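Quick notes on the structure that follows.
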Amino acid sequence: MSSRLLVIQHENDAPAAWLGQWWNDLGLGLTVVRGHLGEVVPDTVGDHDGLVVLGGAMGACDDAVAPWLAPTRALLADAVAREVPTLGVCLGHQLASVALGGSVGRNPSGRTTGVVPVALTDEGASDPLLAGVDGALAVHYNDDVVLEVPEGASVLATLPDGRPQALRFGPSAWGVQFHPETSPEVYGAWLRWDSPNGITAEQEALLAQVTAAREHLQSTWRVFAQRFAALLPAPSGV
């Protein structure tokens, strides 16, 4: 019996992508709950061994347009309290921050998109998930950021404007503002969604940067996925 991850997805175009592929390669089972399709977000992870909450275009408190966000925040808070291995990606990182008492809003510096280097803090340099990735490239696509870090959380990496790029919320819980799961194909789908009349020359250049970084992104964030998988407890019955 393999370990199992509960994955919360918010949009068709924001799947687990590379992360899901790498975890499947490791033999992990993924249960994907698609809140945007009306699937019910559970109160707890149940018999799953870890929780992953993916990204999406909505804001972390846009409950009126995305009613599954409130139960997702409650699920995150429960998982962190129970020390279930937890990973929030972009919106998932923001949802966890709000669930744990922080705040999220529009980045005063504007949108962060394309490939951006990871800038680890001293704590990040020794973190079990992020150690060794200082300066590595990561895909970003976000307007919102964490404005107030939850009490007790550690900043593991920062964006060029000093905002949190990665947080550790507890012994077994992380949030990353970037997208370790995102391939050039997924990134291109986001650009086309954002510009239905055709992507601009600037967006073409951003996509070219992400495409050129494909091998670097895969080699860097595959190790990250493996490290997270290694934190999962052995499944019951083994």
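The values are calculated or read from the model by the stated rules, or taken from the named source; none is laboratory data. Model, not experiment: these values are computed from the prediction. No Cβ is skipped: glycine too gets one built from the backbone with ideal geometry, and neighbour counts run over all protein chains shown. Just the protein is used for accessible areas: all its heavy atoms, side chains included, with ligands, DNA and RNA removed. Shrake-Rupley method; radii C 1.70, N 1.55, O 1.52, S 1.80 Å.
Can you pull out the residues in the stretch 186-198 that are open to solvent by less than 30 Å² (accessible area, probe 1.4 Å) and in contact (Cβ under 8 Å) with a residue 40 or more places away in the chain? Val186, Tyr187, Ala189, Trp190, listed by residue number.
A single entry from Ser183, Ser172 fulfils the requirement of being open to solvent by 20 Å² or more (accessible area, probe 1.4 Å) and either of a type in the set (Ser, Thr, Tyr) or more than 21 Å from Ala212 (Cα to Cα) (or both): Ser172.
On the stretch given as the stretch 82-100, residues that are surrounded by fewer than 16 Cβ atoms within 10 Å (Cβ to Cβ) and more than 15 Å from Arg168 (Cβ to Cβ) total 1. For the structure I just gave you, tell me whether Asp62 is open to solvent by 30 Å² or more (accessible area, probe 1.4 Å) and more than 20 Å from Asp194 (Cβ to Cβ). Against the criterion (open to solvent by 30 Å² or more (accessible area, probe 1.4 Å) and more than 20 Å from Asp194 (Cβ to Cβ)), Asp62 does not qualify.
Quick one: is Asp43 within 25 Å of Gly152 (Cα to Cα), modelled with pLDDT of 95 or more, open to solvent by less than 40 Å² (accessible area, probe 1.4 Å) and of a type in the set (D, E, K, R)? It would help to see each step written out before you state the result.
Numbers: within 25 Å of Gly152 (Cα to Cα): yes; modelled with pLDDT of 95 or more: yes; open to solvent by less than 40 Å² (accessible area, probe 1.4 Å): no; of a type in the set (D, E, K, R): yes.
Here the answer is no, as Asp43 does not meet what is asked.
Somewhere in the stretch 72-80, is a residue modelled with pLDDT of 95 or more, under 23 Å from Val139 (Cβ atoms) and in a strand (DSSP E or B)? No: zero hits. Scanning the stretch 199-230 for residues that are without any contact (Cβ under 8 Å) to a residue 60 or more places away in the chain and either touching a His at 6+ places or on another chain (Cβ under 6 Å) or open to solvent by less than 40 Å² (accessible area, probe 1.4 Å) (or both) turns up Gln203, Leu207. Scanning the stretch 65-79 for residues that are over 23 Å from Glu151 (Cα atoms) and open to solvent by 50 Å² or more (accessible area, probe 1.4 Å) turns up Val65, Pro67.
Taking the stretch 157-169 only, how many residues are more than 22 Å from Ala213 (Cα to Cα) and either free of Cβ contacts under 8 Å to residues at least 24 places away in the same chain or under 14 Å from the mean Cα position of the chain (by Cα) (or both)? Counting residues in the stretch 157-169 that are more than 22 Å from Ala213 (Cα to Cα) and either free of Cβ contacts under 8 Å to residues at least 24 places away in the same chain or under 14 Å from the mean Cα position of the chain (by Cα) (or both) gives 5. Considering (1) in a loop (DSSP other than H, G, I, E, B); (2) under 27 Å from Arg192 (Cβ atoms); (3) in contact with a Ser or Thr (Cβ under 8 Å, 6 or more places away or on another chain), say which one Val7 fails and leave the rest. Checking Val7 against (1) in a loop (DSSP other than H, G, I, E, B); (2) under 27 Å from Arg192 (Cβ atoms); (3) in contact with a Ser or Thr (Cβ under 8 Å, 6 or more places away or on another chain), the one that fails is (1).
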